[in-house]
Each structure stands twice: as structure tokens, then as C-alpha cells.
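Data first, discussion second: the structure below is written as C-alpha cells.
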Amino acid sequence: MKNLSLLKKNPLKRALQATLLLASTNVFAFDLNTGYAPAEVVIPNAFQLLSTDVSKSGSDATLVLRHTAMLSNSWFDAVAPYHPTQVGIYSKISERRTETNNHDKNISVLYAAYRVLSSIAPHRQAQWDGMLMNLGLDPTDDNMDPTNPIGIGNIAGFGVVNARLHDGMNQLGDEGGVKYNRKPYKDYTGYKPVNTYYQLKHPGRWQPAPGTNGFGKFNVQQFVTPQMGYTKAYSFKNPNQFNLPAPWKSNPANYSAYKAQVDDVLQYSANLTDEHKLIAELFDYKLRSLGFSEIFAAKKFNLPYIESVQMAFLSNMTEFDTAIAVWRQKVKWDAVRPWSAIQYVYGSQKVTAWGGPGKGTVTDIPANQWTSYLPVADHAEYPSGSAAFCAAHTYVLSRFLKTDELGWTVDYPAGSSTYEPGVTPQQNLQLSFPTWSDFREKCGMSRLYAGVHFRDSIDGGYSIGDRVGAKAYKFLTSHINGVAVKAE
């Protein structure tokens with residue numbers, strides 16, 4: 001197997017790198033017999049990869065969700081033999097194990113995650129080696145014996161890696177037969193924006209936004225992973241089944257409706273509160289909002305080991321599939337973002353809106369100097385990915401848990417805002433989500449608060465999220481029950 005040969009290269013050098021890495025980090029105690037490796041070992045190790053290497057803001061959903069889906073998929077397949085009926089997605093191990101503690105489950109999960117992490121982030125190989133070595137496990141043990149926990153983990157991990165290596169996301173940068181100078185995750189669909197940052201030729205279509213490092217270096221956005229809409233989903237075959245109607249209000253030919261959308265966003269911008277700003281920040285950071293709410297729920301409802309893994313994969317797989325459906329629509333409609341539409345409608349006229357970090361609401365900001373509270377995302381406006389992810393997330397988790405109850409709270413000390421540090425919130429503030437329904441509603445509204453979506457985009461996102469959620473829930477529960485229905 002090609003993956004095995006790659007992992008066998010220079011084992012002594014890799015072991016030395018891992019040892020040096022561990023020496024420079026805090027080594028924590030983890031009990032293989034009683035601990036829960038997914039949340040206590042894998043996520044802490046992968047967090048820097050997801051929040052820094054993949055996405056500095058944690059908001060590049062297509063990239064983050066593919067990694068989290070693959071990781072949690074490997075856990076799901078790794079624990080399948082420890083469950084009376086569960087079958088893996090990409091590996092089918094017939095032997096059933098009856099261990100009562102967590103020891104062997106943890107080992108299987110760790111090796112499965114190790115294989116996935118080694119595939120998606122080989123530049124951090126020493127860290128992944130150290131993750132196992134810190135627990136007394138051998139990263140060079142590549143046995144594929146389905147009767148021992150290491151073999152089960154390797155089978156599960158390599159199963160996910162091999163199934164996903166050419167799933168349409170272009171992980172290796174080799175789509176289209178590219179042999180040299182490959183660029184991982186590069187678009188191969190031929191997408192090109194009709195507008196440039198310098199000229200809005202078509203005011204109903206997406207316009208790349210500018211960016212800067214604050215020290216004189218400027219850049220212009222590229223549409224992130226347009227190929228996401230052509231990536232293989234878990235729970236459905238054709239993303240066109242989730243088609244949405246055209247965003248007619250974003251067509252400048254319907255000028256009164258177009259302007260009304262603009263004015264709606266400006267009104268929210270002018271009336272931002274500290275709570276609105278932090279709701280926007282929370283749901284923009286998918287790892288914290290989607291990821292942490294799922295982890296919280298697993299602990300709150302005291303889910304056993306395997307059920308926690310099932311719910312983690314259910315959440316991440318559903319959101320990944322939702323991203324595929326959403327991105328197909330984003331590219332199809334290529335709709336204008338509020339920042340472009342506001343400038344188109346009002347030009348240099350002065351409007352009342354949020355004036356920028358620390359400025360509060362001002363009445364004299366030229367529309368062409370307006371900006372959204374959060375940085376505008378690097379993809380088209382319609383539909384809202386965040387609203388879709390939250391709808392799908394809440395659909396499947398409330399059904400898995402058989403309750404709408406959540407009871408999650410997030411504390412923000414005074415001045416802890418990412419975008420207005422030292423200013424927002426003015427005093428300690430707590431965001432509360434008593435139910436999944438409330439979580440969903442606030443998530444959708446967060447995009448209006450942030451100034452990055454129109455209202456119809458949020459409704460469209462809800463529609464896709466609910467429909468994908470229904471398919472994803474059916475798909476996963478069938479695998480838990482040993483039936484394993486095929487994607488439809």
C-alpha cells in the first residue's frame with residue numbers, strides 16, 4: 001500500500017523529531033483506560049492545524065469541515081467493531097469486540113486519527129508521531145490485523161484516507177493530470193469571477209473583496225474551493241437536488257427589492273449591540289460554535305464513548321455534506337455580497353452605520369467606505385453557508401439526542417472581542433443557547449449582524465441545511481444499525 005511505504009521512510013528521523021517536539025511542549029496525562037481520546041488527545045493536537053494552517057479565523061468552512069469529517073469518520077469506523085451492530089463507512093470489520101473499558105477503543109481511534117492526520121497534514125508528521133509516542137504507542141506499527149486494536153485503527157484510518165484522497169476536493173493538487181508543481185486544493189472547475197475588485201461590471205454578481213496585512217501589503221480575494229460543489233458527499237449523490245430559486249432580490253433589474261436588501265443590512269449595521277457583535281463572532285468561528293456545542297452536548301447528556309463518537313461524526317459529516325450542497329449553489333448563482341451592493345446603491349453618499357472598530361454608529365460614513373462588522377468571506381453570497389451548517393447541525397443533533405434542549409453558554413469577558421479588542425463587550429457578557437432551535441435562529445441572524453449576508457440567503461441556507469440533515473441522519477443511523485443504506 002502506497003501510504004504504508006510513505007510512513008515507513010526515515011522512522012528514526014521521525015522519532016527524533018517527535019521527541020524534540022514533545023520536549024518543547026507540555027506533556028499531559030491521559031488514561032487510556034478511562035479517557036476519551038477524540039476530545040482529549042486528537043482535537044487538542046489537531047486544533048492548531050485547523051485554526052492556523054487551514055484557517056486563521058476558523059471560518060474557511062470547506063477546508064475545515066473536510067478535515068473534521070475525515071477525522072471523525074476515522075473514529076466512527078475505528079469503534080464500529082466494539083459496537084454490536086455498527087458498520088464502518090469505508091471499512092467493514094466483521095469481528096466484534098466486547099471490552100468494557102476504553103483502552104482498546106482509544107488505541108483504535110488514535111491510530112485511525114493518526115493515519116488521517118498524516119495524510120492531510122504531512123508537514124506536521126513529527127507532531128502526529130509525538131501524539132502516539134507520548135502515550136507509549138509506536139507510530140511505525142502499521143499492522144492491519146482486524147483482531148487487535150492497532151490493526152483496527154490502521155484499517156479504519158487508511159480506509160478513510162484512500163477513499164477520500166480523490167474525492168473531488170483535489171487534496172493532492174493532481175486533478176486534471178497535473179504532474180509537476182501541484183497546488184493542493186486548487187480549483188480545477190474553471191471558475192472565474194465576472195467582476196474584479198476594481199470594477200463592478202455586474203452588480204448582481206460576486207465581487208472579490210480587498211484585503212491587507214495593515215502594513216502596506218494588499219491582496220484581492222480568490223473564490224475558495226469552487227470545486228467543493230463537485231466533491232463526493234456521504235449521504236447523497238447529486239447536490240442539484242438541493243437547488244434553490246434564483247436570488248431575484250440581488251438582481252439590480254429589481255431595483256426596489258435590491259435597495260431594500262441593502263437598507264436592511266445598513267439598519268442592522270447602525271444598530272449593532274455588543275451582544276450582536278459577539279454572536280456574529282461566535283458563529284463565524286465554526287470550530288468554536290459548531291464544534292464546541294457538539295462536545296458540550298455529549299458531556300451534558302453523559303453519552304457513552306461510542307455514542308459520543310457517533311454524534312461527533314454525525315455532526316461533522318452532515319456539515320461537510322451541507323457545504324457541498326451550498327457551494328454548488330454559491331457557484332451557480334454567484335450572487336453579490338452586501339459590501340458591493342451598498343456601494344452600488346449609495347456610492348459616496350453618507351449613510352448611518354457602524355463606523356469601524358471602536359467607532360460605534362456614525363451618521364456620516366460614505367457608503368464606499370462602509371465595511372461589514374466581520375471581514376467579508378471569500379465566496380459568493382447566496383446561500384448562507386453558516387445558516388445552512390447550523391440548520392443541519394441542529395437538525396441531526398436534536399434528533400440524535402431526542403431533545404431540543406441544549407443549555408449551552410459562552411462567556412465573553414469585557415474587551416475580549418476578536419475584532420474590537422479592548423472595546424467590546426464593554427462589560428462581561430454571556431451568550432446563552434437554551435435550545436437547539438435558539439442556536440439555529442441566532443446563528444442565522446449572526447450573518448445579518450455581521451453585515452455579510454442578505455436575509456434571503458439565510459432562509460436559503462436553512463432550507464438546504466434541513467434537507468441535507470434529513471438525508472445525513474438517515475444515512476448514519478443506518479450504519480449504526482448495521483443496515484448501511486446507500487446515498488440517494
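The values are calculated or read from the model by the stated rules, or taken from the named source; none is laboratory data. Everything numeric in this text was worked out from a predicted model, so none of it was measured. All Cβ positions, glycine included, derive from the backbone under ideal geometry; neighbour counts span all protein chains shown. Heads up: the accessible areas ignore ligands, DNA and RNA and are worked out on the full protein's heavy atoms, side chains in. Shrake-Rupley method; radii C 1.70, N 1.55, O 1.52, S 1.80 Å.
Just wondering, is there one or more residues in region 409-425 that are surrounded by fewer than 20 Cβ atoms within 10 Å (Cβ to Cβ), closer than 30 Å to S478 by Cβ, over 19 Å from the mean Cα position of the chain (by Cα) and at pLDDT 95 or above? For region 409-425, residues surrounded by fewer than 20 Cβ atoms within 10 Å (Cβ to Cβ), closer than 30 Å to S478 by Cβ, over 19 Å from the mean Cα position of the chain (by Cα) and at pLDDT 95 or above: absent. For region 450-463, the count of residues that are hydrophobic (A, V, I, L, M, F, W, C), free of Cβ contacts under 8 Å to residues at least 24 places away in the same chain and within 29 Å of K359 (Cβ to Cβ) is zero. Taking (1) more than 28 Å from A233 (Cβ to Cβ); (2) assigned to a loop (DSSP other than H, G, I, E, B); (3) of a type in the set (A, V, I, L, M) in turn, M131 satisfies each apart from (2). The one condition from (1) open to solvent by 50 Å² or more (accessible area, probe 1.4 Å); (2) closer than 17 Å to A323 by Cβ; (3) of a type in the set (D, E) that D167 does not meet is (1). Filtered by the rule that a residue be part of a loop (DSSP other than H, G, I, E, B) and closer than 11 Å to D334 by Cα, region 209-229 gives a lone residue, F223. Quick one: count up the residues across region 48-106 that are surrounded by fewer than 22 Cβ atoms within 10 Å (Cβ to Cβ), closer than 23 Å to D145 by Cβ and among the polar types (S, T, N, Q). Qualifying residue count, region 48-106: 7. Residues that are part of a loop (DSSP other than H, G, I, E, B) and either closer than 15 Å to H453 by Cα or modelled with pLDDT of 95 or more (or both): does region 277-292 have at least one? No, region 277-292 contains no residue that is part of a loop (DSSP other than H, G, I, E, B) and either closer than 15 Å to H453 by Cα or modelled with pLDDT of 95 or more (or both). For region 358-379, the condition holds for at least one residue, the condition being that it is acidic (D, E) and either within 17 Å of the chain's Cα centre (by Cα) or modelled with pLDDT under 95 (or both).
A count restricted to region 370-404 and to residues that are β-branched (V, I, T), more than 23 Å from T196 (Cβ to Cβ), surrounded by fewer than 23 Cβ atoms within 10 Å (Cβ to Cβ) and in contact with a helix residue (DSSP H, G or I) (Cβ under 7 Å, 6 or more places away or on another chain) stands at 0.
Condition check ((1) of a type in the set (D, E); (2) over 21 Å from A29 (Cβ atoms)) across all residues:
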site	(1), (2)
E99	yes, yes
H103	no, no
I107	no, no
L135	no, no
D138	yes, no
G151	no, yes
G157	no, yes
L165	no, yes
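Taken together, the residues in region 305-345 that are open to solvent by 10 Å² or more (accessible area, probe 1.4 Å) and in contact with a strand residue (DSSP E or B) (Cβ under 8 Å, 6 or more places away or on another chain) amount to 0. Considering only residues in region 307-343 that are hydroxyl-bearing (S, T, Y) and under 16 Å from Y382 (Cβ atoms), the one that is farthest from the chain's Cα centre (by Cα) turns out to be S340.
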